[in-house]
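Engineer: Take this structure, written in structure tokens, and hold onto it; I'll ask about it next.
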């Protein structure tokens, strides 16, 4: 696993001339930076800016460095920044294996065994040919996480990934997600308004004002 | 139909230019009419666009049969381009001449007669003479049947080859009408006392125009002026009686003359539905054929007016710029063959009257024409002897224009 | 490359249509070099004024141009006011697309077979109720004032306006507003007419304009149902255009420009009617009346739509009976025997037009689909929701076909580009494109943007995410758009007729050509083929995704 580092260099986002946020921070390998704030504070826009699909109505500036390289000139698909949304967003027309295969680099050999191994690791061995529509919420979240990891990103963004889970599942997923991210040495940014998420992430916390 | 065109426009244009340059000397194909065998060889592989009125399914089916045989025997692909009015084809040839397309015309063979033939011939838009050189031409016995050499009084001079004969024949439904009117004047009297039981197709539909000519010939007592090119003075003089006749007739027609059927088939349909009791057709076997197919009730009978009715010959012509002249001639020759004429006259197929002279055939060949059995619904042979000649072709458009002027917006 | 898609879409639509219209103007004023007209003159117009019955032709075109949208729109509004949320409404919503795919020509034939003096209706009541032993001598089809034409157009345009209204309604949140008004004591139907109707109308103004133009300039429906002595203006222009005497082209050009003027006049009259209705409506709202007329609206709205449905169903039945009828004497309700003969006899003749129809509709629809997808995808990638000029998209529906096709043919003939398949496909493409765009754009823009975002964070290029994510997710709307595009292409008459120079025949061009010279059985066979093609298309669009995604429960919610 790569040991990488994510730096936000005076990233600032404005909408219609109104400044939404400014962040200047650095996230080390395996660390999680948590950004908290009410809705409308621009925290999701920050993730969109880093991932590379901020809508043109926003004015944004500042650099995003992964291992010292500025990724902001790159198109989204070449930034190698993974993103977990509130919803698992498994592609409904593909099987579980199809979803995972979509994420794996076309050049990697033996995708099938990568998939089998991954499914075993998240406790869903033998799920390859299942229809994503038949999975439970927790199972879907685990596949979404596995899919993200299989795309071998250099950094990970988490957009309130636990908010739609019930409380027991939420705790379970928190543990799984953060342990996986830590184990793979990926720098992550978590956006949430749940204090428990922030506590569980255990990293630096930035609180945005309205 | 045409193969899908996939080249880009510019490429087409360039190719066209090259083709024209390469082929123009060669397209003035040396066609040797005296050597029929080499002509047939020359025609192999050609695609012949045969523009023929497509309004009668029986004819269309017959031509589909011809196409199959042409491909099988002569390696000619015969494409029946169904047109609704032969005038369309004439306008295409004229347009191609104006566009300078003198050797790659889109029409190779054309079913034609009357004013359309006259117009093309007068403007040198026909290829020929060729028709009398066809091996099968002798079958028509033009010595005995001079009408095979004349089209609406205009000499054909080998610019068109006979195909079928036609004669105006009236038919009526004996269920509603016991004694049909025997001439044009009687039709008026009968119609006035039986309103809504007669009508005629709207000119310029050819059957409607033929009705006008039939009425004009009878009302004018076959005035000789009808057989000469029309002049406005003669037209005024003769048409006056016709307009008086029609003015009297129209209020008693179906829908009080506020509607006219669009075509011969429309007229037949009105008869089949029992809307009218008297109708007419240009194919003497029409009623017979339609009774057989169930389109007309079995109570329908045919007859010819006592003073005779207009008869004419349908011809085939080749436009001057046809690109496949050899193939067109081979097709025209086949259509005159005993086999093709027999099939055409078979009531189970096209059911037309043959152009070739049956009585000159040997008994064996004659037998293939004996499928036309006498039938109650068909006119008698004596009836069909009462023929009237078509007026000079210039009368047709003059009558059509005047009719439209007078009656199309009342 | 994608960036050019929307530009080329607009250029491809606008240039041929505007240029064609402009070019049609030249011969109308005597300029037509290939026919020796090199000087401008008013001869064609002088001749046009002299044409017998030209005034009547214009009047009929105007009449159907104004009354068709007026009555059709009234029916749709009354229906929506009285039936929203009812069982009938559920039915109609499902039926409206297939109804719309009923080609104009086939519908017109069906109607003729239904209401003619010897038609199905007359046979149903004869001789028992009517006492008719022979068909009554009534001028119904091809009547002098075009009332049957008007009737046919209304029946055909009601589903179109209904579909457009149903598509626009959700953004108005009708149930919320009607409830509010009801709480103020308004009866529901009155509330709908007072609160929703005035907001809905502006959203469907362009489709209404398209109906005005179509109704005032239709050729195929007018050829089948319209008056003949004299015919409508559009039919006369076509006749002159096809005349053996090429000098009639000048008259045809002047007639085409007159047609353009007539359609514009119909639109002007409509605009005045709009103003008048606005005043009346404001007056009515100001009365504060909450329930008067409730019953009238209710019963007319609920009653009219089933009648339209019955007429369409009756037309369909009339076509089917005729297509398989053996001898069928009046006044028998049903034929004496049934037969496949009309089909077997015509199988050969059907083949080429059928293949051409498929080739043209597939060719034009797929090229339109590619261009529309490219436009929508470039719009999405650039992140700018381009307000693609809607009226430009409607251009092919707003200029009478006969006008710009006329000029377009003059142009292509002078380049010796005529009668080819590619030209016909291009002509169809112009009419198919707007429908494909209108039917696909909403679904495309509505698709959750996060699907593409997930794909790109997983390292998928826009190309990969387009083909492997967006297209499969949008398969159902894409197939529907294809079905609609093909249905439009299949129903087109004039572009095939004019651009194909009569050498390229489709099911529709053949069917319309038969209208004046074929037995009812034969016409019925062609009409049944014509209407089953789009039906099959819609059926495929409905079943293919279901079969493909039968093991993908999540695909049922994607829209």
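Engineer: Against the conditions (1) surrounded by 14 or more Cβ atoms within 10 Å (Cβ to Cβ); (2) within 30 Å of residue C:75 (Cα to Cα); (3) outside the structural domain of residue C:510 (by TED's automatic domain parsing), where does residue C:299 fall short? Just the number, please.
Structural biologist: Going through (1) surrounded by 14 or more Cβ atoms within 10 Å (Cβ to Cβ); (2) within 30 Å of residue C:75 (Cα to Cα); (3) outside the structural domain of residue C:510 (by TED's automatic domain parsing) one by one, residue C:299 breaks only (1).
Engineer: Still on this structure, please answer the following. Does residue A:119 fit the bill of being within 14 Å of chain C (Cβ to nearest Cβ) and within 20 Å of the chain's Cα centre (by Cα)? Please lay out each step first, then the result.
Structural biologist: Values: within 14 Å of chain C (Cβ to nearest Cβ): no; within 20 Å of the chain's Cα centre (by Cα): yes.
For residue A:119, the condition - within 14 Å of chain C (Cβ to nearest Cβ) and within 20 Å of the chain's Cα centre (by Cα) - is not met.
Engineer: Looking only at strands (runs of 3 or more DSSP E) that fall completely inside the range B:87-190, which ones have 1 or more residues that are crowded, with 19+ Cβ neighbours inside 10 Å, more than 23 Å from the chain's Cα centre (by Cα) and at pLDDT 90 or above?
Structural biologist: On the way: elements: B:109-112, B:160-167, B:169-173.
Per the criteria, B:169-173.
Engineer: Scan the range B:217-266 for residues that are on the phi < 0 side of the Ramachandran plot, within 14 Å of chain C (Cβ to nearest Cβ) and out of contact with any helix residue (DSSP H, G or I) (no Cβ under 8 Å at 6 or more places or on another chain) and jot them down. Walk me through it before giving the result.
Structural biologist: Looking only at the range B:217-266, we keep the residues that are on the phi < 0 side of the Ramachandran plot, and these are B:217-220, B:223-254, B:258-266.
Within this subset, residues satisfying the condition of being within 14 Å of chain C (Cβ to nearest Cβ) are B:246, B:250-254, B:258-266.
Across the range B:217-266, the qualifying residues are B:258, B:259, B:262, B:265, B:266.
Engineer: Take residue B:81 and decide whether it is under 23 Å from residue B:335 (Cα atoms) and either in a loop (DSSP other than H, G, I, E, B) or modelled with pLDDT under 90 (or both).
Structural biologist: So residue B:81 fits the description; yes.
Engineer: Look at residue B:316 and say whether it is within 13 Å of another protein chain (Cβ to nearest Cβ) and either in contact with a strand residue (DSSP E or B) (Cβ under 8 Å, 6 or more places away or on another chain) or part of a loop (DSSP other than H, G, I, E, B) (or both). So that I can check it myself, show each step before the final result.
Structural biologist: Details: within 13 Å of another protein chain (Cβ to nearest Cβ): no; either in contact with a strand residue (DSSP E or B) (Cβ under 8 Å, 6 or more places away or on another chain) or part of a loop (DSSP other than H, G, I, E, B) (or both): yes.
No.
Engineer: For the range A:142-161, state whether one or more residues are in contact (Cβ under 8 Å) with a residue 60 or more places away in the chain, at the interface with another protein chain (Cβ under 9 Å from one of its Cβ atoms), touching a strand residue (DSSP E or B) at 6+ places or on another chain (Cβ under 7 Å) and part of a loop (DSSP other than H, G, I, E, B). Break it down stepwise before answering.
Structural biologist: Here is the first cut: in the range A:142-161, the ones in contact (Cβ under 8 Å) with a residue 60 or more places away in the chain are A:144-145, A:148-149, A:151-161.
Remaining after also requiring at the interface with another protein chain (Cβ under 9 Å from one of its Cβ atoms): A:144, A:148, A:151-153, A:157.
Narrowing further to those that are touching a strand residue (DSSP E or B) at 6+ places or on another chain (Cβ under 7 Å): A:144, A:148, A:151, A:153, A:157.
From what's left, part of a loop (DSSP other than H, G, I, E, B): A:151, A:153.
Looking for residues that are in contact (Cβ under 8 Å) with a residue 60 or more places away in the chain, at the interface with another protein chain (Cβ under 9 Å from one of its Cβ atoms), touching a strand residue (DSSP E or B) at 6+ places or on another chain (Cβ under 7 Å) and part of a loop (DSSP other than H, G, I, E, B), one finds at least one in the range A:142-161, hence yes.
Engineer: Any residue at all in the range C:179-191 that is at pLDDT 90 or above, assigned to a helix (DSSP H, G or I) and assigned by TED's automatic domain parsing to the domain that holds residue C:76?
Structural biologist: Taking the range C:179-191 and keeping what is at pLDDT 90 or above, we get none.
No, the range C:179-191 contains no residue that is at pLDDT 90 or above, assigned to a helix (DSSP H, G or I) and assigned by TED's automatic domain parsing to the domain that holds residue C:76.
Engineer: So, one more: Give C:107, C:112 a once-over and let me know the one that is within 14 Å of another protein chain (Cβ to nearest Cβ), at pLDDT 90 or above and assigned to a helix (DSSP H, G or I). Give the derivation first.
Structural biologist: Details: C:107 fails: within 14 Å of another protein chain (Cβ to nearest Cβ).
Criteria check complete, one pass: C:112.
Engineer: With respect to residue A:22, is the statement that it is over 30 Å from residue A:133 (Cα atoms), in a loop (DSSP other than H, G, I, E, B) and more than 14 Å from chain C (Cβ to nearest Cβ) true? Give the steps one after another, and end with the answer.
Structural biologist: Values: over 30 Å from residue A:133 (Cα atoms): yes; in a loop (DSSP other than H, G, I, E, B): no; more than 14 Å from chain C (Cβ to nearest Cβ): yes.
No: the conditions fail for residue A:22.
Engineer: Helices (runs of 4 or more DSSP H) wholly in the range C:287-382 with at least 2 residues that are more than 27 Å from the chain's Cα centre (by Cα), at pLDDT below 95 and closer than 24 Å to residue C:533 by Cα - which ones?
Structural biologist: Values: elements: C:294-323, C:341-344, C:347-382.
Ranges flagged: C:341-344, C:347-382.
Engineer: In the range B:86-100, how many residues are touching a helix residue (DSSP H, G or I) at 6+ places or on another chain (Cβ under 7 Å) and at the interface with another protein chain (Cβ under 7 Å from one of its Cβ atoms)? Outline the logic, then answer.
Structural biologist: So in the range B:86-100, the residues touching a helix residue (DSSP H, G or I) at 6+ places or on another chain (Cβ under 7 Å) come out as B:86-87, B:90, B:93, B:98-99.
Then keep just the ones that are at the interface with another protein chain (Cβ under 7 Å from one of its Cβ atoms); that gives B:87, B:90, B:98-99.
Counting residues in the range B:86-100 that are touching a helix residue (DSSP H, G or I) at 6+ places or on another chain (Cβ under 7 Å) and at the interface with another protein chain (Cβ under 7 Å from one of its Cβ atoms) gives 4.
Engineer: Return a yes/no flag: does the range C:226-235 have any residue that is outside any helix (DSSP H, G or I), more than 24 Å from the chain's Cα centre (by Cα) and touching a residue at least 60 places away in the same chain (Cβ under 8 Å).
Structural biologist: The initial filter retains those residues of the range C:226-235 that are outside any helix (DSSP H, G or I), namely C:226-232.
Narrowing the set further to residues that are more than 24 Å from the chain's Cα centre (by Cα) leaves C:229-230.
Remaining after also requiring touching a residue at least 60 places away in the same chain (Cβ under 8 Å): C:229-230.
Within the range C:226-235, one or more residues are outside any helix (DSSP H, G or I), more than 24 Å from the chain's Cα centre (by Cα) and touching a residue at least 60 places away in the same chain (Cβ under 8 Å).
Engineer: Okay, moving on. Report whether or not residue A:41 is free of Cβ contacts under 8 Å to residues at least 40 places away in the same chain, closer than 30 Å to residue A:165 by Cα and away from chain C (no Cβ under 14 Å). Break it down into steps so the answer makes sense when it comes.
Structural biologist: Numbers: free of Cβ contacts under 8 Å to residues at least 40 places away in the same chain: no; closer than 30 Å to residue A:165 by Cα: yes; away from chain C (no Cβ under 14 Å): yes.
So residue A:41 fails the test.
Engineer: Considering only residues that are in contact with a helix residue (DSSP H, G or I) (Cβ under 6 Å, 6 or more places away or on another chain) and at pLDDT 85 or above, look in the range C:409-427 and name the one that is surrounded by the most Cβ atoms within 10 Å (Cβ to Cβ).
Structural biologist: For the range C:409-427, the residue satisfying everything is C:424.
Yes/no matrix, rows are residues, columns are (1) at positive phi; (2) touching a helix residue (DSSP H, G or I) at 6+ places or on another chain (Cβ under 7 Å); (3) assigned to a helix (DSSP H, G or I); (4) surrounded by 20 or more Cβ atoms within 10 Å (Cβ to Cβ):
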position	(1), (2), (3), (4)
A:26	no, no, no, no
A:35	no, yes, no, yes
A:44	no, no, yes, no
A:47	no, no, yes, yes
A:50	no, no, yes, yes
A:59	no, no, no, no
A:62	yes, no, no, no
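Engineer: I would also like to ask the following. Out of all the residues in the range C:154-166, is one or more buried (at least 19 other Cβ atoms within 10 Å of the Cβ), within 14 Å of another protein chain (Cβ to nearest Cβ), under 22 Å from residue C:311 (Cα atoms) and under 19 Å from the mean Cα position of the chain (by Cα)?
Structural biologist: no
Engineer: Please enumerate the residues belonging to the range C:176-187 that are surrounded by 15 or more Cβ atoms within 10 Å (Cβ to Cβ) and touching a residue at least 24 places away in the same chain (Cβ under 8 Å).
Structural biologist: Matches in the range C:176-187: C:178, C:186, C:187.
Engineer: Please pick out the residue among C:221, C:237 that is closer than 26 Å to residue B:401 by Cβ and surrounded by 24 or more Cβ atoms within 10 Å (Cβ to Cβ). Walk me through it before giving the result.
Structural biologist: Working: C:221 fails: closer than 26 Å to residue B:401 by Cβ.
Result: C:237 is the single residue among C:221, C:237 that is closer than 26 Å to residue B:401 by Cβ and surrounded by 24 or more Cβ atoms within 10 Å (Cβ to Cβ).
Engineer: Related question: So for the range B:194-203 (the condition being part of a strand (DSSP E or B) and in the same structural domain as residue B:244 (by TED's automatic domain parsing)), does at least one residue qualify?
Structural biologist: Within the range B:194-203, the first condition is being part of a strand (DSSP E or B), and the residues that meet it are B:198.
The next check asks that each one be in the same structural domain as residue B:244 (by TED's automatic domain parsing); those that pass are B:198.
Yes, there is a match, as at least one residue in the range B:194-203 is part of a strand (DSSP E or B) and in the same structural domain as residue B:244 (by TED's automatic domain parsing).
Engineer: In addition: Output the helices (runs of 4 or more DSSP H) that fall wholly within the range C:427-525 and possess 3 or more residues being free of Cβ contacts under 8 Å to residues at least 24 places away in the same chain, under 22 Å from residue C:395 (Cα atoms) and within 14 Å of chain B (Cβ to nearest Cβ), or say none.
Structural biologist: Working: elements: C:450-457, C:462-465, C:475-491, C:494-499, C:507-514.
It comes to none.
Engineer: Would the range B:196-213 turn up any residue that is more than 24 Å from residue B:397 (Cα to Cα), surrounded by fewer than 22 Cβ atoms within 10 Å (Cβ to Cβ) and more than 14 Å from chain C (Cβ to nearest Cβ)?
Structural biologist: no
Engineer: Among the listed residues A:74, A:89, A:135, A:124, which satisfies the condition of being more than 12 Å from chain C (Cβ to nearest Cβ), surrounded by 14 or more Cβ atoms within 10 Å (Cβ to Cβ) and modelled with pLDDT of 90 or more? Explain how you work it out, then say what you get.
Structural biologist: Details: A:74 fails: more than 12 Å from chain C (Cβ to nearest Cβ); A:89 fails: more than 12 Å from chain C (Cβ to nearest Cβ); A:135 fails: more than 12 Å from chain C (Cβ to nearest Cβ).
Of A:74, A:89, A:135, A:124, the one residue that is more than 12 Å from chain C (Cβ to nearest Cβ), surrounded by 14 or more Cβ atoms within 10 Å (Cβ to Cβ) and modelled with pLDDT of 90 or more is A:124.
The values are calculated or read from the model by the stated rules, or taken from the named source; none is laboratory data. This one's a predicted model, so the numbers in the text were calculated from it and none came from an experiment. Glycine also receives a Cβ, built like all others from the backbone with ideal geometry; neighbour counts cover every protein chain displayed.
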